[in-house]
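What follows is calculated from the coordinates using simple rules that are stated; it is not laboratory data. The structure displayed is predicted, hence computed values, not measured ones. Methodologically, a virtual Cβ is constructed for each residue, glycine included, from the backbone with ideal geometry; neighbour enumeration extends over all protein chains shown.
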Amino acid sequence: MCGKLKINSIIILLSPFLAAGLALFIGVYGVTPSQVLEIILNAFTGIDTLESTVILEIRMPRIILAGLTGMALAASGTTLQSVLRNPLVDPFILGISAGAAFGCALAIGFIPWVSLQLIAFIFGGLAVIMACLMSRIGGEICKLSLVLSGIIISALFTALLSMIKFMVDPMKLQSIVFWLMGSFSMADWPQIRSSGVGIILGCLPIFLLRWRLNVMSMGDEEARSLGVNVSRERIIFIACSTLAVTSAVSVSGLIGWVGLMVPHLVRMLVGPEHRRLVPLSMAGGAAFMIFADTIARSLGSADIPVGIITAIVGAPFFIYLMKRGGKESWGK
């Protein structure tokens with residue numbers, strides 16, 4: 001059993017690199033593996049060919065951005081499921097994604113000079129703060145009320161987003177609608193630098209403090225008996241998740257189901273111990289997103305929004321979890 005666990009862990013850790021390697025030479029424009037290797041080895045020599053442009057300026061930034069986004073969404077999903085002790089929670093449930101999407105649509109439609117990363121974090125954070133304030137009972141945040149409040153806040157920001165789509169200029173509306181479906185078609189190196197900082201700053205504390213999630217997932221009373229300030233820890237983890245998700249949403253748009261599916265799949269393979277689960281979920285999320293984006297850009301001459309691919313896979317998986325009650329993947 002221990003040997004199988006190690007093998008599964010190694011495979012998951014290597015999966016982002018395997019997915020990225022395959023994605024470099026898969027696409028509408030054919031590039032052989034030997035050409036890819038030659039281009040990467042000569043990346044700093046300044047050779048300017050069509051193949052090198054495709055690999056270094058189009059596919060590689062897109063792969064890295066997809067990997068960072070998948071890592072952020074999976075890490076956030078793992079954290080929120082543990083902190084709230086609810087196996088069906090993901091960043092969408094708390095309104096984080098809806099708030100960030102509203103902020104980005106507002107910027108695209110009316111205030112294009114504002115940084116998308118900044119306004120996504122502001123409104124994503126505002127959504128979480130509103131949900132937390134609504135869920136406070138007796139001076140403490142109630143987990144069930146927080147989930148219900150998140151659903152309400154998500155519905156509110158979705159309605160506000162619809163209002164923006166109704167009021168905005170038709171040309172900008174097209175950009176907003178395509179962005180909302182989730183895509184990495186506009187990925188470039190500046191986007192990686194701008195969003196990568198927020199994603200890393202959000203994921204790093206979750207990675208470093210991941211052992212605390214073991215205590216948090218035991219329940220509030222047990223955690224308090226071990227000297228844990230439950231409310232403070234919950235706020236820290238939710239804040240880090242918000243920063244990671246909003247940074248990802250600002251460049252990728254709305255991509256659902258990753259934060260729900262990947263943590264469960266990884267939990268099925270390696271168990272619920274968070275010192276393993278968190279880094280492996282990050283790796284699994286990166287691999288899954290790279291794989292989904294490779295499919296999205298390879299099926300036809302035009303890019304299919306990657307959010308469509310994840311939804312096609314995610315909806316049946318969610319039904320499976322509901323039928324099982326989350327028991328198999330929750331480890332209880």
- Could you work out the helix-only [θ] at 222 nm for the chain, with each DSSP H run of four or more residues adding -39,500 (n - 2.57) and the total divided by the number of residues, to the nearest 500 deg cm²/dmol? -24500 deg cm²/dmol
- Item | Length-normalised contact order for the chain - Cα pairs under 8 Å, 6+ apart - percent | 31
- Message: Taking 25 °C and 0.890 mPa s as the conditions, I'd like the Stokes-Einstein D for the chain in µm²/s, using the Kirkwood hydrodynamic radius from alpha carbon pairs.
- Response: 121
- Item | Inter-site label distance for CYS142 and MET186 at 7 Å from Cα along Cβ, in nm | 4.2
- Tail weight of P(r) past 14 Å, computed on alpha-carbon pairs of the range 1-50, percent: 65
- Taking the Cα-to-Cβ direction at TRP113 and at LEU208 and moving 7 Å from each Cα, how far apart do the two end points lie in nm? 3.7
- Can you check what the Kirkwood hydrodynamic radius comes to for the range 82-218, Cα pairs only, in Å to one decimal? 16.4
- Kindly rank 149-158, 75-84, 165-174 from highest to lowest mean number of other beta carbons found within 10 Å of each residue. 75-84, 149-158, 165-174
- Query: Given a Förster distance of 30 angstrom, what is the FRET efficiency for LYS323 paired with GLU273, based on the Cβ-Cβ distance and rounded to 0.05?
  - Reply: 0.75
- Message: Given a Förster distance of 25 Å, report the FRET efficiency between SER194 and LEU50 from their Cβ-Cβ distance, rounded to the nearest 0.05.
- Response: 0.35
- Task: Apply the Karplus parameterisation 6.51 cos²θ - 1.76 cosθ + 1.60, with θ equal to phi minus 60°, to every residue of the range 196-204 and state each ³J(HN,Hα) to the nearest whole Hz, in sequence, with x for glycine and proline.
- Result: x, 4, x, 5, 5, 5, x, 7, 4
- Query: Calculated FRET efficiency, ILE152 and LEU5, Cβ-Cβ r, R0 45 Å, to nearest 0.05?
  - Reply: 0.65
- Work out the count of Lys pairs in the chain where the Cα-Cα distance is under 22 Å, with the pair 8 or more places apart or on different chains. 6
- Task: Please give the residues of the range 161-181, grouped as numeric ranges, whose backbone N is less than 17 Å from a label point set 7 Å along the Cα-to-Cβ vector of ILE312.
- Result: 181
- Query: Fully extended, how many nm does the chain gain between LEU226 and SER34 (0.36 nm per residue separation, minus their Cα-Cα distance)?
  - Reply: 63.5 nm
- If the chain between LEU14 and MET167 were fully extended at 0.36 nm per residue, the gain over the current Cα-Cα distance would be 50.4 nm
